[in-house]
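Taking it in order: structure first as structure tokens, then the write-up.
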Amino acid sequence: MPEIYNREKNIERFLRSHKTLLYFSTFSMAAILYFGIALAMQSFRLGHYWVIFPAGLLAHSFFVITMHDGAHKSITKTKFDYFIMNFCAGLIILPLYTELFKKYHLLHHANTNTEDDPLWSDLKNKLFEEKRLLYAILQCLPFAFNLALILGYKEKKSDKSKKVKVSIPYVILSFVVAGLVSYLTQPPLWFVLGTFTVMTSLGAIRYWGEHMGVHEGKESNTHWFPLGMGIGNHEVHHDYPGYSWLTLTIGLLFRKLNTDPFRSVYGMFFDKRYKHYRAGK
């Protein structure tokens, strides 16, 4: 392990030896974020439609610590994390997508920035190179663009796709939870769509900060992101994807940052040097 990662290594070792602390921090934070989304929904019912913006940010953070970490088995280090991931997906009415996210996100980690990276397909690269504004708009649409890329992804013999399966029982679980939440809370349709749009747009901007820039010879960036829950500690995350969000959050406090959302947006729209860190490109 490179010496520069010793801090995160020690933090992760401490948290894994004090699992109660890690679990309490994770589930308490998830509960706080979810409660914030519920409050935003109530405010939306009262006509405060601007609350989709904080709601989208809270949903994005909730996704990171439950669904993203669940996909990496970074919570309990067992397959129970897949249960947590899909249960939480149902809580924010996001069934099916999360199981697909797990499969293709793990493939992304196995083939980062290469031609086999499902999150950076030839279509995505062509749009970015030739019609950057259209690319940016499409990536901010709720799930549609990423789902189209996923469905159009052709598995390579060299990738590890056969080792990562979409679990039908977990998909059913997330649909059941989503159905119960929808029935019990009856969320306003425009609140759900607005929150998903903000959440997806934030995810797009975060991705630009993670895997794009003007630097040479980089695979990813270390960057600041609002309520990023450690995901900005992205260079460490790619080298050690099993580290928990809390380890990455604490470690990020001591790391030099390469970029932030404002520079990412500026680079996307105004800097011709701005590029994707795709290997061999």
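The values are calculated or read from the model by the stated rules, or taken from the named source; none is laboratory data. Just so it is clear, the model here is predicted, and its values are computed rather than measured. Counting neighbours? That spans all protein chains shown, and the Cβs are built from the backbone with ideal geometry, glycine included.
Structure summary
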read-out: Candidates Gly209, Gly217 - the one that is modelled with pLDDT under 95 and surrounded by 20 or more Cβ atoms within 10 Å (Cβ to Cβ); value: Gly209
read-out: Filter result (under 22 Å from Asn86 (Cβ atoms), touching a helix residue (DSSP H, G or I) at 6+ places or on another chain (Cβ under 6 Å) and at pLDDT below 75) within the stretch 98-121; value: Pro118, Leu119
read-out: Restricting the stretch 85-127 to residues that are of a type in the set (Val, Ile, Thr) and buried (at least 20 other Cβ atoms within 10 Å of the Cβ), the residue that is farthest from the chain's Cα centre (by Cα); value: Ile92
read-out: Flag for Phe44 being surrounded by fewer than 22 Cβ atoms within 10 Å (Cβ to Cβ) and either among the aromatic types (Phe, Trp, Tyr) or modelled with pLDDT of 95 or more (or both); value: yes
read-out: Qualifying residues in the stretch 23-41 (those that are over 23 Å from Trp190 (Cα atoms) and touching a residue at least 60 places away in the same chain (Cβ under 8 Å)) - the one surrounded by the fewest Cβ atoms within 10 Å (Cβ to Cβ); value: Ser25
read-out: Residue in the stretch 235-279 that is nearest to Leu15 (Cα to Cα), counting only those that are surrounded by fewer than 21 Cβ atoms within 10 Å (Cβ to Cβ), without any contact (Cβ under 8 Å) to a residue 40 or more places away in the chain and within 18 Å of the chain's Cα centre (by Cα); value: Thr249
read-out: Hits in the stretch 140-180 - residues which are hydroxyl-bearing (Ser, Thr, Tyr) and modelled with pLDDT under 75; value: Tyr153, Ser158, Ser161
read-out: All helices (runs of 4 or more DSSP H) inside the stretch 171-281 with 1 or more residues being touching a Pro at 6+ places or on another chain (Cβ under 9 Å) and closer than 30 Å to Ser17 by Cβ; value: 234-239
read-out: Filtered residues of the stretch 4-24 (kept if more than 23 Å from Thr222 (Cα to Cα) and of a type in the set (Ser, Thr, Tyr)); value: Ser17, Thr20, Tyr23
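Yes/no per residue for (1) without any contact (Cβ under 8 Å) to a residue 12 or more places away in the chain; (2) out of contact with any helix residue (DSSP H, G or I) (no Cβ under 8 Å at 6 or more places or on another chain):
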site	(1), (2)
Leu21	yes, no
His60	no, no
Phe63	no, no
Lys79	yes, yes
Leu96	no, no
